[in-house]
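One structure is given here, and the rest of the page talks about it.
The values are calculated or read from the model by the stated rules, or taken from the named source; none is laboratory data. Values in this document were obtained by computation on a predicted structure and should not be read as measured data. Positions of Cβ are generated from backbone atoms using ideal geometry, with glycine treated the same way; all protein chains shown enter the neighbour counts. When the accessible area is computed, the model is the full protein with side chains, heavy atoms only, and any ligands, DNA or RNA have been set aside. Shrake-Rupley method; radii C 1.70, N 1.55, O 1.52, S 1.80 Å.
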Amino acid sequence: MHNYPQDYKYGIILTADMGGVDFSQVYPKDSGQLRYSLDGTQFVIKWEDDHEPTFITVGTVVPLLILSHADCLILMESNEWSEPIE
Amino acid sequence: MNGVGYGITPFMGTHGILARSSGGGGVPFVNEYSLTFDGISDYLNLDSKTQNFNDFSLSFWLVWGGGNYKTIVGSSVAEGGILWGIVQAGGTIRYYDNTSGWTILSSSISDGNWHHILITYDSTANTIKGYTDGSLSVTKTSVDPVYTTNEHSFDQIGARLSTGFYNEKLDEITVWDSVIDIADVWDGSGIPIDLTSTNPVHWWRMGDGDGDPTWSTNLTDHGSGGINATSTMPPEARVTDVP
């Protein structure tokens with residue numbers, strides 16, 4: 001049993017590489033529910049840390065970053081991912 | 001809608017959770033699960049937008065997760081009035097007001113414990129009230145909502161627009177199309193009560209009744225509105241830490 005979300009890895013993927021992502025192996029399962037960077041060029045997926053997706057293992061898709069939950073939270077607060085608050 | 005009259009019955013559910021009878025010999029009310037949000041990409045998308053409420057009440061339980069402008073309920077587009085974004089910011093619950101900005105609706109909830117929030121909006125008086133753990137915290141008159149198209153409505157839990165992702169636990173999110181009394185949702189015990197007899201329009205129980213032993217990752221609306229929700233989350237996001 002995994003502790004959620006601490007036991008998950010987060011991958012930052014180029015939107016141009018979406019075709020190589022097998023969404024049955026990651027969350028979200030629906031490509032229509034992805035979180036994108038503000039400029040739309042990147043998105044976030046996640047997986048259990050001991051179940052790396054095969055499309056990453058074999059190099060079909062090479063993430064820009066693979067992050068822990070804590071490190072991904074920090075990235076999401078950056079100007080590239082979060083609008084300034086009114 | 002006062003005087004629901006719940007009696008505590010020493011019934012132990014399958015997870016050892018104290019249940020309480022809803023009276024009349026019905027099935028005991030049990031709250032075994034809540035949902036934990038990762039603050040990155042977890043949210044729930046309602047199958048359709050809620051109705052546009054005139055008066056409304058919104059009740060929920062939450063654990064504060066730090067950060068700011070983390071959304072409890074919100075809209076995927078810039079509309080919905082008050083319900084465009086009900087957020088946690090600065091250790092309090094807030095809504096966005098055109099005149100006063102992010103306006104506080106609660107007392108401090110930043111201690112890491114479960115807290116109950118009730119927000120009521122009276123359209124005739126144009127007044128919003130916020131209650132924290134059974135006590136009135138804020139009364140705000142002359143409400144001036146932002147994004148007034150389709151006010152007051154929402155279509156997401158845990159995010160607004162594509163930002164403000166909630167980052168801790170939420171439970172028992174319930175909506176009525178009227179101003180309810182705090183006694184309808186808070187009996188002083190500090191735990192959720194059976195809301196069936198209050199006839200909510202929406203009641204997402206955050207995992208209870210949504211699959212055992214594995215969460216379906218979707219939510220059933222136990223209110224009369226019947227708007228179910230689809231999540232972006234894994235089954236492990238449903239946890240047994242409950243208020």
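Tabulated data
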{"quantity": "Hits in the stretch B:77-90 - residues which are open to solvent by 10 Å² or more (accessible area, probe 1.4 Å) and within 24 Å of B:Trp64 (Cβ to Cβ)", "calculated": "B:Gly90"}
{"quantity": "Qualifying residue in the stretch A:58-75 (condition: more than 9 Å from chain B (Cβ to nearest Cβ), in a loop (DSSP other than H, G, I, E, B), acidic (Asp, Glu) and out of contact with any Lys or Arg (no Cβ under 6 Å at 6 or more places or on another chain))", "calculated": "no"}
{"quantity": "Out of B:Ser48, B:Ser57, sole residue that is buried (at least 24 other Cβ atoms within 10 Å of the Cβ), modelled with pLDDT of 95 or more and not basic (Lys, Arg)", "calculated": "B:Ser57"}
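Residue-by-condition table, conditions (1) touching a residue at least 60 places away in the same chain (Cβ under 8 Å); (2) crowded, with 17+ Cβ neighbours inside 10 Å:
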site	(1), (2)
A:His2	no, no
A:Gln6	yes, no
A:Pro28	no, yes
A:Lys46	no, yes
A:Gly59	no, no
A:Pro63	no, yes
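Residues are listed down the side, and each one gets a yes or a no for (1) under 28 Å from A:Glu48 (Cα atoms); (2) of a type in the set (S, T, N, Q):
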site	(1), (2)
B:Thr50	no, yes
B:Leu58	no, no
B:Asn68	yes, yes
B:Leu83	no, no
B:Val87	no, no
